[in-house]
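*Asks:* Below you will find the structure I want to go over with you.
The values are calculated or read from the model by the stated rules, or taken from the named source; none is laboratory data. Only a predicted model underlies this, so the values are computations on that prediction, with no experimental measurement involved. Backbone-built Cβ (ideal geometry, glycine too); neighbour counts: all protein chains shown. Remember, those area values only see protein heavy atoms, side chains included, never the ligands or the DNA or RNA. Shrake-Rupley method; radii C 1.70, N 1.55, O 1.52, S 1.80 Å.
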Amino acid sequence: MEYRRLGASGLVVPALSFGAGTFGGRGELFGAWGDTDVEQARRLVDISLDAGVTMFDTADVYSGGASEEVLGAAIRGRRDRLLLSTKASLPTGPGPSDAGSGRARLIGAVEAALRRLGTEHIDLFQLHAFDARTPVEEVLHALDDLVRAGKIRYLGASNFAGWQLMKSLAAADRHGLTRYIAHQVYYSLAGRDYEWELMPLGVAEGVGAVVWSPLGWGRLTGKIRRGQPLPAGSRLHRTAEAGPPVDQEHLYNVVDALDEIAAETGRTVPQIALNWLLSRPTVGTVIVGARNEEQLRQNLGAVGWQLGTDQIARLDAASALTPPYPYYPYYRLPDFTRLNPPAVPVGAVQ
């Protein structure tokens, strides 16, 4: 496993983190993702830790808190061996105080997460979305108080627009408050919007990317190809509309390129898609999920090797889209990546 510093911080994270969205399996959306129970989760945690995967990501909305509960039970007795990442801000109920990032809401959400996870602190706490109705100063003061109380070690955001993240960072600097060092974002060969604004912002401000859905909401598994129906077991049958949209022809072009490189390297399509992400600027860690041991072990095969320069260029070309104004015609990612190479790993274990 490779390890990297997350953003401009001292937090060292593995190149691959484990996403516990499949834990619990409550509700229509998360039930379609998976229904991993405590015993199964404990086995997946065992495999992850043995491979050097030391960060586990969840959220209060995943299966109505059941994901945090299952993860907490699965790590019991080995909390000191790993990092816990969780999120709050999205609605967890119908009440007026069940959503957002107001002071009372955040304090209550953190306390509830600590109970469910069975821990005294959260290593990386992220706002799951921007709350436009609450002043950023209130949000940041509340989070800073939680950091000073020892309940949170590092702060991050998730799914913010560029202006929302920059406004928050500027306010933190102005008032001397704890900064966001991470941004949990959607980024994949099937969806590269992150590169247009958020990636340059991350480089300039020292905010590392924690990548969610790196396989394009299950579209880059190697099971979806031109002229073939969706596999019977694909969760896309039930969840496609909830995930990031992608043009089908564009997806097929990306998969064609992945297939070619898979044949050249002897790697699987998901491993190549994940390895490509690990070469991108600002990427600190890529979250991989798994409903079973086989999926997890396959995903773990994405590290310990590198794609060739020509192979990366072919994947870049197959997945490229013209960015919207004002990024087009002035923004060119290849020039940007030459000026800002990926962070140098801080260490590795085999």
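*Asks:* Could you tell me which residue out of 284, 200, 161 lies farthest along the dipole of the chain toward its positive end? Charges go on the beta carbon: Lys and Arg +1, Asp and Glu -1, centred on the Cα centre.
*Replies:* Of the options given, the answer is 284.
*Asks:* Per residue and in Å³, how big is the convex hull formed by the alpha-carbon atoms of the range 3-317?
*Replies:* For the range 3-317, the hull spanned by Cα atoms encloses 127 Å³ per residue.
*Asks:* Counting helices only, and only those DSSP H runs with n ≥ 4, report the 222 nm mean residue ellipticity of the chain as the sum of -39,500 (n - 2.57) divided by its residues, in deg cm²/dmol to the nearest 500.
*Replies:* Counting only the DSSP helices, I get -11500 deg cm²/dmol.
*Asks:* Give the residue from 21, 45, 95 lying farthest towards the positive end of the charge dipole for the range 1-140; charges sit on Cβ (+1 for Lys and Arg, -1 for Asp and Glu) and the dipole is referred to the Cα centre.
*Replies:* Checked the options; the winner is 45.
*Asks:* While we're on this one: Given a 10 angstrom Cα cut-off, can you work out which residue in 128, 175, 183 is the most mobile in a GNM of the chain?
*Replies:* 175
*Asks:* Below 16 Å, Cα to Cα, which lysines can residue 87 reach? Residues fewer than 8 away in the same chain don't count.
*Replies:* Hits, sequence-local ones excluded: 151.
*Asks:* If exposed chymotrypsin sites (Phe, Trp or Tyr not before Pro) are those in a DSSP loop with at most 11 other Cβ within 10 Å, what is the longest stretch of the chain that has none?
*Replies:* By the stated rule (loop sites, at most 11 other Cβ atoms within 10 Å), 1-304.
*Asks:* Springs between alpha-carbon pairs under 10 angstrom, Gaussian network model over the chain: which of 52, 308, 289 fluctuates most?
*Replies:* 308
*Asks:* Something else about it: Hey, any idea what % of the chain's accessible area is carbon plus sulfur with a 1.4 Å probe?
*Replies:* Ligands and nucleic acids excluded, carbon and sulfur reach 52 percent.
*Asks:* Please identify, among 247, 123, 98, the residue showing maximal mean-square fluctuation in a Gaussian network model of the chain using a 10 angstrom Cα cutoff.
*Replies:* Looking only at 247, 123, 98, the biggest GNM fluctuation is shown by 247.
*Asks:* In Å², and per residue, what accessible area does the chain have when probed at 1.4 Å with the other protein chains present?
*Replies:* Roughly 43 Å² per residue, with all protein chains present.
*Asks:* Once you put a point 7 Å from the Cα of residue 132 and another 7 Å from the Cα of residue 38, both along the Cβ direction, what distance in nm separates them?
*Replies:* Reported label-point gap for residue 132 and residue 38 is 4.3 nm.
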